[in-house]
1. For a quick check of your reading of the model, give me the residue pairs whose first member lies in region 102-128 and is closer than 18 Å to Thr65 by Cβ and open to solvent by 20 Å² or more (accessible area, probe 1.4 Å), whose second is near the ligand (Cβ under 10 Å from one of its atoms) and assigned to a loop (DSSP other than H, G, I, E, B), with beta-carbon atoms closer than 8 Å and at least 6 apart or on different chains.
2. Just one of the numbered conditions (1) among the hydrophobic types (A, V, I, L, M, F, W, C); (2) at pLDDT below 95; (3) farther than 25 Å from Ala220 by Cα; (4) within 16 Å of the ligand (Cβ to nearest atom) is not true of Met131; which one?
3. So is Leu84 within 12 Å of the ligand (Cβ to nearest atom), open to solvent by less than 10 Å² (accessible area, probe 1.4 Å) and not hydroxyl-bearing (Ser, Thr, Tyr) or not?
4. Out of all the residues in region 106-123, which are within 14 Å of Pro232 (Cβ to Cβ) and either more than 7 Å from the ligand (Cβ to nearest atom) or among the aliphatic types (A, V, I, L, M) (or both)?
5. Filter region 16-38 down to residues that are among the charged types (D, E, K, R) and open to solvent by less than 90 Å² (accessible area, probe 1.4 Å) and give me whichever is farthest from the ligand (Cβ to nearest atom).
6. Within region 39-93, track down each residue that is without any contact (Cβ under 8 Å) to a residue 12 or more places away in the chain and among the hydrophobic types (A, V, I, L, M, F, W, C).
7. On the given criteria, is Gln61 polar (S, T, N, Q), farther than 16 Å from Asp121 by Cβ and more than 16 Å from the ligand (Cβ to nearest atom)?
Amino acid sequence: MTGEDDRRIQLSLKQLISRLRWGSGFAQRFRYLPQLELRSLYTVFDEEDWQFDEGLYQAWQAGETGFPIIDAAAKCLQETGGWLALNFRTRAIYSSFLSNLLGMDWRYGALHFMRHLIDGDCPIDHYQWAMQAGVTHCIDKSWTRIYNPEQTAIDRCDPEGKFIKRWLPELADLPISQLGSPPTIGGYPRPIVNYKQARQQRVKQLETQRQKFRQQKDVAPFLARMPESWEPFGNDRFESEIRWAAQTQQGMFPREIDLDHLTREETQALRTWFVAHGNINPRPAKAKKAKPPKPSYGLQLDIWGS
Ligand SMILES: Cc1cc2nc3c(=O)[nH]c(=O)nc-3n(C[C@H](O)[C@H](O)[C@H](O)COP(=O)(O)OP(=O)(O)OC[C@H]3O[C@@H](n4cnc5c(N)ncnc54)[C@H](O)[C@@H]3O)c2cc1C
């Protein structure tokens, strides 16, 4: 084993530990704030109606959005259950599309993922969905990454088009440079949303919602409480045994955090859970840096993980 091999093993070990830490962090949040399974962290994000369109939701599930990176992810999830085949970046792009570009409640996406993911894990899945939808944080815009599902996504995540052509054989003969916005060949659908307009609308909406509590020293009043009904989200769509949810609730065991009786110190401590870098004061706006010349995409994360 060379020194280089050793270094790579150490690095991947470090990455694995960091990922396991992320996963356990989400489990811990759901343990103390079980309402996160049913609600966005901050109530303002659920007060304004999310848009819902059955046709668009079906198109997103079936992989008929007209955006190859999204449609390939949709078909891959349905066919394989996503473990190993659908890595973090692809899950993030696919989920961000539903909540940020189609403006739909992230819970519809979390529900679909939990019904199909082999490695489906409720705290990780739901909190990741909420993070990608931008409803878990309030510090600054940069926290919400609204992925561009057009050519940028192909160049960054599938530079050889292998993933897309695997799941969308009708596009197999297309040059990679056209995979971001393909012509309507072989019945491939037209884009169901205008990316730029949808993005602008979403950034504006999030900005307005965050203004409502961003400068507040005490965020506890803005955090979601345990809802009256514990009925699982989407139960109206998929029949399941939920008589337990109708019974009068004796309260959680172990008890969830009582957000109505937190001291200021406890609220500050709780808030650090939701801010990766610990500093809860909004960062000063950064001076815009001159755009660096276009990179050659030498070394890139690749969906096939080669
Ligand atoms: C919208 C969305 C939904 C997701 N849903 C799930 C889910 O239901 N179950 C799930 O295990 N992961 C989920 N993830 C996280 C991540 O994508 C997967 O854990 C990873 O792709 C699994 O690959 P792996 O088995 O090679 O894990 P590795 O990369 O080897 O990681 C090992 C373990 O660490 C945990 N982990 C890894 N990455 C993350 C992460 N970003 N956040 C939290 N925990 C992580 C998982 O438990 C994983 O099994 C989701 C990510 C997104 C963006």
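The values are calculated or read from the model by the stated rules, or taken from the named source; none is laboratory data. Keep in mind that this is a model prediction, so the values were computed, not measured. Using ideal geometry, Cβ is built from the backbone for each residue, glycine included, and neighbour counts are taken over all protein chains shown. The protein model used for the area step is the full one, side chains on, heavy atoms only, and it has no ligands, DNA or RNA in it. Shrake-Rupley method; radii C 1.70, N 1.55, O 1.52, S 1.80 Å.
1. Here the result reads His116/Gly82, each pair linking region 102-128 to a residue that is near the ligand (Cβ under 10 Å from one of its atoms) and assigned to a loop (DSSP other than H, G, I, E, B).
2. Against the list (1) among the hydrophobic types (A, V, I, L, M, F, W, C); (2) at pLDDT below 95; (3) farther than 25 Å from Ala220 by Cα; (4) within 16 Å of the ligand (Cβ to nearest atom), Met131 comes up short only on (3).
3. no
4. Within region 106-123, Arg107, Tyr108, Ala110, Leu111, His112, Met114, Arg115, Cys122 qualify.
5. Arg31
6. The answer is Leu84, Ala85, Phe88.
7. Judged against the criteria, Gln61 is not a match.
Residue by residue, here is whether (1) closer than 15 Å to Tyr147 by Cβ; (2) near the ligand (Cβ under 10 Å from one of its atoms); (3) open to solvent by less than 10 Å² (accessible area, probe 1.4 Å) holds:
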{"site": "Ala72", "(1), (2), (3)": "yes, no, yes"}
{"site": "Lys75", "(1), (2), (3)": "no, no, no"}
{"site": "Thr90", "(1), (2), (3)": "yes, yes, yes"}
{"site": "Tyr94", "(1), (2), (3)": "yes, yes, yes"}
{"site": "Ser99", "(1), (2), (3)": "yes, yes, yes"}
